[in-house]
Amino acid sequence: MITVFGYIGSPSAELREAVSDAALVVGGRRHLDALNVPEERRIVLGRIAPAIEVLQALTGDEKAVVIASGDPLFYGVVRRIRAAGLKVRVIPALTSLQLAFAAVALPWDDALLVSLHGNDPEPAIAALRAHQKVGLLTDGRTGLPQIVDATAGLGRTYVLAERLGEDDEQIRVLSEDQAREITDIAQPNVVLVLAYHPDDPAALGEQTAIAGGVRPQGV
């Protein structure tokens, strides 16, 4: 039995109980350390393929827990695990982008959501220029400095949301000039790129039947 847990901030009582009873726990080092998982029962996530091989080798009676940041169904590990033929039970959590939009009290049903994790950044960069409300999962290659460079001169407002759910969480609302001066960016973080300041009523956007800010042709 494999159970995939989302993780934001601190571990839930359900997660702690599942970990205590698991033969194997897969997750990021900070998650495993927070749960005091013994070395002999932990697999530290880097590339997902080695972890999947170990999960495939478990017997039917052995329990495994996989821990993923945010919602493991949103650009998370569940797709890769299920594609490998494994069955899982999923306990989701809020995504970091949900928390970032909530921090500035903006509806996000009209936002375009983009992941830069291991992806070609060019489509995301193009989206930043074309859309008025974009939420980005950043990675080590493309973060706030690259995002600001890509949208220079467009008058965008940037919300830098760092270490969401942690005790040292920080939310910064920045103009282009202010964003260029930021050097102390904590990991992990996400960035919202907005055509309007969050306090501007125009930033609320319009509610439509089709979420995501993109309408199919002819609609």
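A simple spin-label model places the labels of residue 1 and residue 149 5.0 nm from each other, with each point 7 Å out along Cα-to-Cβ. Extent of the range 8-87 along its three principal axes (Cα atoms, max minus min coordinate, largest first): 29, 28, 21 Å. Between residue 185 and residue 207, residue separation times 0.36 nm minus the direct Cα-Cα distance comes to 4.6 nm. Could you tell me the distance between the Cα centroids of the range 141-170 and the range 1-73, to the nearest Å? Centre-to-centre (Cα) distance: 29 Å. The loop-placed GluC sites (Glu not before Pro) in the range 4-112, going by DSSP, that have at most 15 neighbouring Cβ atoms within 10 Å of their Cβ come out as 62. For the range 105-166, the set of trypsin sites (Lys or Arg not before Pro) satisfying both a DSSP loop assignment and a count of at most 16 other C-beta atoms within 10 Å is given as 141, 163.
Work out how much length residue 17 to residue 91 would gain on full extension: take 0.36 nm times their residue separation and subtract the Cα-Cα distance, in nm to one decimal.
25.3 nm
Once backbone amide H atoms are built at 1.01 Å from N, residue 26 has 43, 65, 66, 67 as its partners under 5 Å, excluding neighbours fewer than 5 places away on the same chain. Model label sites at residue 119 and residue 57, defined 7 Å from Cα along the beta-carbon direction, differ in position by 3.3 nm.
Take every DSSP beta bridge whose two residues both sit in the range 2-91; close to 5 percent of them are antiparallel. Mean residue ellipticity at 222 nm, helices only, the chain: -7000 deg cm²/dmol; runs of at least 4 DSSP H residues each add -39,500 (n - 2.57), and the sum is divided by the number of residues. Restricted to Cα atoms, the chain shows a radius of gyration and a Dmax of 18.9, 58 angstrom. For the range 96-204, the calculated P(r), taken from all Cα-Cα distances in 5 Å bins from zero up to the bin holding the longest distance, is 2, 13, 27, 27, 22, 8, 1 percent. Modelled spin labels at residue 102 and residue 39, positioned 7 Å past Cα toward Cβ, are 3.8 nm from each other. Estimated from the Cβ-Cβ distance and a Förster radius of 45 angstrom, the FRET efficiency linking residue 176 and residue 83 is about 0.65.
The mean sequence distance of close C-alpha pairs (under 8 Å, at least 6 residues apart), as a share of the length of the range 23-104, puts its relative contact order at 28 percent. The DSSP beta bridges internal to the chain are antiparallel in roughly 45% of cases.
Values in this text are rule-based calculations from the coordinates and carry no lab data. What you see is a predicted model; the values in this text were computed from it and never measured. All Cβ positions, glycine included, derive from the backbone under ideal geometry; neighbour counts span all protein chains shown.
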